[in-house]
1. Only one residue in 107, 98, 115 is surrounded by fewer than 16 Cβ atoms within 10 Å (Cβ to Cβ), within 21 Å of the chain's Cα centre (by Cα) and modelled with pLDDT of 95 or more, so which one is that?
2. Do any helices (runs of 4 or more DSSP H) lying entirely in the range 212-311 carry at least 2 residues that are charged (D, E, K, R) and either buried (at least 19 other Cβ atoms within 10 Å of the Cβ) or touching a residue at least 24 places away in the same chain (Cβ under 8 Å) (or both), and which ones are they?
3. For the range 1-12, which positions are small (Gly, Ala, Ser) and buried (at least 19 other Cβ atoms within 10 Å of the Cβ)?
4. Take the residues in the range 118-148 that are buried (at least 18 other Cβ atoms within 10 Å of the Cβ) and polar (S, T, N, Q), then tell me which one is nearest to residue 269 (Cα to Cα).
5. All but one of (1) under 28 Å from residue 186 (Cβ atoms); (2) touching an Asp or Glu at 6+ places or on another chain (Cβ under 9 Å) hold for residue 264; which doesn't?
6. Could you check residue 189 against (1) without any contact (Cβ under 8 Å) to a residue 60 or more places away in the chain; (2) closer than 15 Å to residue 236 by Cβ; (3) not in a loop (DSSP other than H, G, I, E, B) and say which number it fails?
7. Would you mention how many residues in the range 125-164 are of a type outside the set (Lys, Arg), over 9 Å from the mean Cα position of the chain (by Cα) and in a loop (DSSP other than H, G, I, E, B)?
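The values are calculated or read from the model by the stated rules, or taken from the named source; none is laboratory data. Remember, predicted model here, so these are calculated numbers, not experimental data. No Cβ is skipped: glycine too gets one built from the backbone with ideal geometry, and neighbour counts run over all protein chains shown.
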Amino acid sequence: MSPAPAVAALDWGTTRLRAWLLDGAGKVLAERRGDDGLITAREKGFAKVLEGHLAALGAPQTLPVIICGMAGSRQGWIEAPYVTVPAPIGAILRGAARVEGSSRDIRIVPGLAQRLADAPDVMRGEETQLAGAGLPAKGRHLVCMPGTHSKWVAVGDGAVEGFGTWPTGELYSVLSAHSILKHSLGEHPAPVAADSPFFAQWCQRALGEGGDITSKLFAIRAAGLLQHLQADDAAACLSGLLIGGEIASARRRYGASEAPVALIASGALATLYGAALDLAGLAFRTVDADEAVRAGLVEAARENGMIGDAQ
């Protein structure tokens, strides 16, 4: 007989949704993924989309639901107000906003706001990955979460001290499709391999310049014209330059950390960033992003009294 689910957990992004039925220890009992992100759910209705996925998962009518991500944004289901940093991770999770008017206990984890005059920043969803990353309760730790908008987070003694956003993935997309570099990378840029010598070479160039990459972007185009740089290799050059620039910039902002960098990532991004961190001489440990967000959602459910403590 299968164990009964304790909570439904959702990572609800702008374009995608991931839903899991979890037992009290966080074990996955059932899973669904779909394109019912914020954009679609605004048209169909958040409650309707949620209940459709829960029904497909076989969730009981009274099962509580914990959600992170863009469903809690100003354009989402309800706004889960930002928690201002510095703030303890546990206190952030306890600030989950309740969705009123439902027969279920549905709560959405708040995002984080950095309200510094010279470095304003926000995040939604990544705070839940932080909670599930297994960071030690003591000491200072640096976390890297690659993506469209990569986040670097400084955590001290279990509290988020500050964070920064590097839109590395978005820059790659914009530059490869809407700049002069599109002629170098081709209409459909090839996936970049972490063992590409071009990725390593251009990553090291960015690291050597301390993150100043703007003067080197056009060199990718010039290399195609003068040195016969091929499209696949040009994509590796751009990726290495942008990721290397991000790491150099983050290291300059946050300094060295005694503990290894916690790299919260999966798939190709985990491999690329791991290679780049190696080139930068930074020790790191990889945390699977899916596992981290699930563990964080379970912890949020516990902090809000939706499920009991793990035995």
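1. Of the residues listed, the single one that is surrounded by fewer than 16 Cβ atoms within 10 Å (Cβ to Cβ), within 21 Å of the chain's Cα centre (by Cα) and modelled with pLDDT of 95 or more is 115.
2. The helices (runs of 4 or more DSSP H) meeting that bar are 214-226, 231-254, 289-303.
3. Passing the criteria: 6, 8, 9.
4. 129
5. Answer for residue 264: the failing condition is (1).
6. Of (1) without any contact (Cβ under 8 Å) to a residue 60 or more places away in the chain; (2) closer than 15 Å to residue 236 by Cβ; (3) not in a loop (DSSP other than H, G, I, E, B), only one is false for residue 189: (3).
7. 9
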